[in-house]
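Enquirer: Structure provided below as structure tokens; questions to follow.
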Amino acid sequence: MSHLLRCEITPSASLSPALDDFLADAQLRGLSPKTVEWYRYALGPFLQWLNERDCHSADDLKEATIRQFLASRDGVGARRLNHYREAIDRFCQWLVRTGDLTANPTAGIGKIREPRKLVPTFTEEELQALLSKPDRRTLLGQRDHLFMLLLLDTGVRLSEALSLTLDDLDLTRGTLRVMGKGNRERVAGFSPVLERHLRKYLQSRRQVLGQNGYGNCQWLFPSNVAGKCTAKALQMRLKLYAQQAQIRRVRVSPHTFRHTFALYFVRNGGSPFHLQKILGHTSLDMSRRYCELADVDFLTKQRELSPLAAGSVNLTDGGRLR
């Protein structure tokens, strides 16, 4: 009995307030609003499932319980299940740091293998059809046309493109200063082709915004009232052009432009290491996946890019092997 009396009593933490604290902590750590909302979206079904089973405290978070929740998601694909697992894992890691859990119950639950499907990308004909739809007699049409060109030429994310200001452009060096996920800044290059379109757009933009009293606007892609253009507005514009171009085979979205850039980059001989840097990925996993999915003739590349084929070796007999 004396042994039991000496045991420290740890109060059980209610999970709903704990989730609110977890999300508040994520905001304080500078995570993007989109990431915080993703945690709320992914953890909501889990907490609801626990409440339906009268599980209301951190003590109820067991490995078996989490496995039962994942198994109960009938009809949910592997990707969504991995989203649930990752969110629960981050939540439990946080509970361990706060002392509400002694160990992370998700540590023994591995990632569910996802089917490797070919990433849908645009064909050249679809790109030409899309790029022909904006009415470039207007600044709005020029903005949308350049927006698609920039996504295709640089592979930047939608949020990264919409956050670009005039100060982020370096037309002389052909670079963009991009603020990526996790507030990680990187530099992205763009082609001379995009530079020519950029200069024309900036000239029209300066003229039209100046005439309407918005000359101080710094956003590269301004809204109709010279504010920061929203993601929803640009996505609706792309949807409109998709309907006009009668493109139904693939979803017309900023992410499809990003996939198209990545696959063309690999098919044209780009390395996964360079692609990782360009896209702002923290690991090589996604870049390697693009390499696996791309229809690359590696034997042809070997014949073209080997040291002998590239002329990197100076043979003493005039280039003939005997």
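Enquirer: Kindly indicate whether Phe69 is modelled with pLDDT of 95 or more and open to solvent by less than 60 Å² (accessible area, probe 1.4 Å).
Expert: Here the answer is no, as Phe69 does not meet what is asked.
Enquirer: For the structure I just gave you, tell me whether Ser14 is modelled with pLDDT under 90 and either in contact with a strand residue (DSSP E or B) (Cβ under 9 Å, 6 or more places away or on another chain) or of a type in the set (Ser, Thr, Tyr) (or both).
Expert: Taking the combined requirement at face value, the residue satisfies it.
Enquirer: So the check is Cβ under 7 Å with 6+ separation or different chains; which pairs have a first residue in region 253-274 that's closer than 18 Å to Ala233 by Cα and a second one that's among the aliphatic types (A, V, I, L, M) and open to solvent by 20 Å² or more (accessible area, probe 1.4 Å)?
Expert: The qualifying pairs are Pro254/Leu158; Phe257/Leu152.
Enquirer: When both residues are 6+ apart or on different chains and their Cβ atoms are under 6 Å apart, which pairs have a first residue that lies in region 117-130 and is under 15 Å from Phe261 (Cα atoms), and a second that is open to solvent by less than 50 Å² (accessible area, probe 1.4 Å) and at pLDDT below 90?
Expert: Every condition considered, the pairs that remain are Leu118/Leu293; Val119/His259; Val119/Leu293; Thr121/His259; Thr121/Thr260; Thr121/Leu263; Phe122/Thr260.
Enquirer: Further question on the same structure: Yes or no: region 94-106 includes at least one residue that is open to solvent by 20 Å² or more (accessible area, probe 1.4 Å) and within 25 Å of the chain's Cα centre (by Cα).
Expert: yes
Enquirer: Now, a different point. Which of the residues spanning region 239-270 are among the aliphatic types (A, V, I, L, M), modelled with pLDDT of 85 or more and within 22 Å of Ala161 (Cα to Cα)? Can you show your working first?
Expert: Taking region 239-270 as the starting set, the residues that turn out to be among the aliphatic types (A, V, I, L, M) are 240, 242, 245, 247, 250, 252, 262-263, 266.
Imposing the further condition that a residue be modelled with pLDDT of 85 or more reduces the set to 240, 242, 245, 247, 250, 252.
If the condition is that a residue be among the aliphatic types (A, V, I, L, M), modelled with pLDDT of 85 or more and within 22 Å of Ala161 (Cα to Cα), then Leu240, Ala242, Val250, Val252 are the ones that fit.
Enquirer: Mind checking which residues of region 210-234 are in contact (Cβ under 8 Å) with a residue 60 or more places away in the chain and of a type outside the set (Val, Ile, Thr)?
Expert: Phe221, Pro222, Asn224, Lys228, Cys229, Ala231, Leu234
Enquirer: Something else about it: Answer yes if at least one residue in region 27-36 is modelled with pLDDT of 90 or more and among the basic types (Lys, Arg), and no otherwise.
Expert: No, region 27-36 has no match at all.
Enquirer: Additional query: Find all pairs meeting these conditions: Cβ atoms under 7 angstrom apart; at least six residues apart or on different chains; first residue within region 62-84 and basic (Lys, Arg); second residue assigned to a loop (DSSP other than H, G, I, E, B).
Expert: The qualifying pairs are Lys62/Pro105; Arg67/Ile109; Arg79/Glu114.
Enquirer: Right, something else. Here is a list: Leu127, Leu140. Which entry is under 27 Å from His274 (Cα atoms) and not small (Gly, Ala, Ser)?
Expert: Just a single option satisfies the conditions, and that option is Leu127.
Enquirer: Checking Leu130 against (1) surrounded by 12 or more Cβ atoms within 10 Å (Cβ to Cβ); (2) touching an Asp or Glu at 6+ places or on another chain (Cβ under 6 Å), only one condition comes out false. Which one?
Expert: The failed condition is (2).
Enquirer: A further question on this structure: Kindly provide the set of residues from region 141-155 that are open to solvent by less than 10 Å² (accessible area, probe 1.4 Å), touching a Phe, Trp or Tyr at 6+ places or on another chain (Cβ under 9 Å) and of a type outside the set (S, T, N, Q), ordered by number.
Expert: Residues satisfying the conditions are Asp144, Leu146, Phe147, Met148, Leu150, Leu151, Gly155.
Enquirer: Could you tell me which residue of region 18-32 is farthest from Ala231 (Cα to Cα), considering only residues that are of a type in the set (A, V, I, L, M) and assigned to a helix (DSSP H, G or I)?
Expert: Ala18
Enquirer: Something else: What are the pairs with Cβ atoms under 7 angstrom where one residue, in region 91-108, is under 20 Å from Gly44 (Cα atoms) and the other, located anywhere, is in a loop (DSSP other than H, G, I, E, B) and of a type in the set (Ser, Thr, Tyr)? Sequence gap at least six, or different chains.
Expert: Correct list of pairs: Cys92/Thr106.
Enquirer: Mind checking which residues of region 220-250 are under 12 Å from Phe147 (Cβ atoms) and open to solvent by 60 Å² or more (accessible area, probe 1.4 Å)?
Expert: The answer is Gln235, Arg237.
Enquirer: A further question follows. Condition first: within 15 Å of Leu150 (Cα to Cα) and not aromatic (Phe, Trp, Tyr). Now tell me which residues in region 253-273 satisfy that.
Expert: Ser253, Pro254, His255, Thr256, Arg258, His259, Thr260, Ala262, listed by residue number.
The values are calculated or read from the model by the stated rules, or taken from the named source; none is laboratory data. Every value quoted in this text rests on a predicted model; they were computed, and no experiment measured them. Note that we place each Cβ from the backbone using ideal geometry, even for glycine, and neighbour counts take in every protein chain shown. SASA here: full protein model, heavy atoms, side chains in, ligands and nucleic acids out. Shrake-Rupley method; radii C 1.70, N 1.55, O 1.52, S 1.80 Å.
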